[in-house]
Amino acid sequence: MKFQRSTLILMLVALGLAGYVYVFEAQRSSQQQKIQARETQIFSFSRDDVKSVTVTTPEETIIVERISETENPQQSPWKLIQPVQTLANQATVDFLLNQLVTDQSIPQDPSLGLRRLTISQKELAEYGLEKPQQTVEVKLKNEEVYKLILGTKDFTGRSIYAQTNTPQTEETLSILVVPEGISSAINRPLDEWKLPPEEPEPTSPETSPQPSEILPKTDNSQPESQNQPEAENTPEESENQP
């Protein structure tokens, strides 16, 4: 009996240890996945937490803000503040935010996906990051700010050097090599940031009569020879007739 009781205790302890190991490994695996996901993302904020987006290019500065619930955001959850004030195109804003927070890795060609480099302060100009001309700044509802600046293209011409506003040391800097799609999401004409006007509903064309409904015209006119009565014979003509 004592042997059976001690065996049962050992089994319970073993099950407890196995459960602890399982939970620990699951948590560690989840943390590793999150770390790996962040390594392939430019930023890791939630799009639902974005309050405003500011895009600066050599041509202009565009500011987009999220519409509050009291402003009836049915047509679009975004509005343009600068350079004009109108509703913003949700597809354009969402495309830019997707480029910032989604996985930027390219398994088929890792050299074209998101990569990280470490450079010195003196090398910023070589990557076009000392005086950047394209920037995007995202402000969250909690006033936290994420900023991305774009430099020149890399040697392949299909990726761009970039830098975020993450804390840096005085000696070294961490920069990114991002796919060129982020540049196309920033460099858009103003009309593409505006909400497109609603297209009018098509009007139904007037129905033309079907061939079966078209009756042929009847020609009531008769030849003159048929309409004229036959001439009566004069008395002289009747006498001369045999």
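No lab work stands behind these numbers, since they all come straight from the coordinates. The structure presented is a predicted model; accordingly, all values stated were derived computationally and were not measured. A quick note on method: Cβ atoms are made from the backbone with ideal geometry, for glycine too, and the neighbour counts reach across all protein chains shown.
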Practice task
Express the C-alpha Rg of segment 47-106 as a ratio against the empirical globular expectation 2.2 N^0.38 Å, rounded to two decimals.
Solution key: 1.19
Practice task
Among the chymotrypsin sites (Phe, Trp or Tyr not before Pro) in segment 112-197, which ones are in a DSSP loop with at most 14 other Cβ atoms within 10 Å of the Cβ? Mind listing them?
Solution key: Phe155
Exercise for the section: Treat every Asp and Glu Cβ in segment 40-193 as -1 and every Lys and Arg Cβ as +1, leave all other atoms uncharged, and give the resulting dipole magnitude about the Cα centre to the nearest 20 debye. Expected result: 100 debye
Problem - Nitroxide proxy distance, nm - points 7 Å out along Cα→Cβ at Glu137 and Ser44 - result: 2.5 nm
